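A short reminder: the numbers here are calculations on the coordinates, not readings from a lab. In this text, all values refer to a predicted model and were calculated from it rather than measured experimentally. Glycine also receives a Cβ, built like all others from the backbone with ideal geometry; neighbour counts cover every protein chain displayed.
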Amino acid sequence: MLIFLLAVFGALGTLARYGLQGWLQNQSGVSFPTGTLAVNLLGCLLIGGLNRLALEHLWFPPEWRIALTIGFLGG
């Protein structure tokens, strides 16, 4: 089940990252890869926040934490 969740969330995360990065890069209008920088910083912030939330609230299943952090946000 975990591998299935990683595959699904990884695919969704990759598409979301690609779309957001491209949109941010077009909005910035500069040659510096601001879209990539912004997406990477946002991903790091969300991974840290999600891990803290998951560790403080044990109702969060470990499989979903792994799927969201490694799959979606790490994709």
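List of remarks:
- Degrees, to the nearest 10: 34-56 long Cα axis against longest axis of the chain: 20
- Label assignment, mean projected area of the Cα convex hull in nm² derived from the structure, set (i) 7.4; (ii) 7.0; (iii) 4.9: (iii)
- Helix-only CD estimate at 222 nm, as mean residue ellipticity for the chain, using -39500 (n - 2.57) per DSSP H run (n ≥ 4): -25000 deg cm²/dmol
- Once the Cα atoms are used to define both axes, helix 2-28 deviates from the longest principal axis of the chain by about 20 degrees.
- For Leu58 and Thr14, a Förster radius of 25 Å and the Cβ-Cβ distance give a FRET efficiency of 0.25, rounded to the nearest 0.05.
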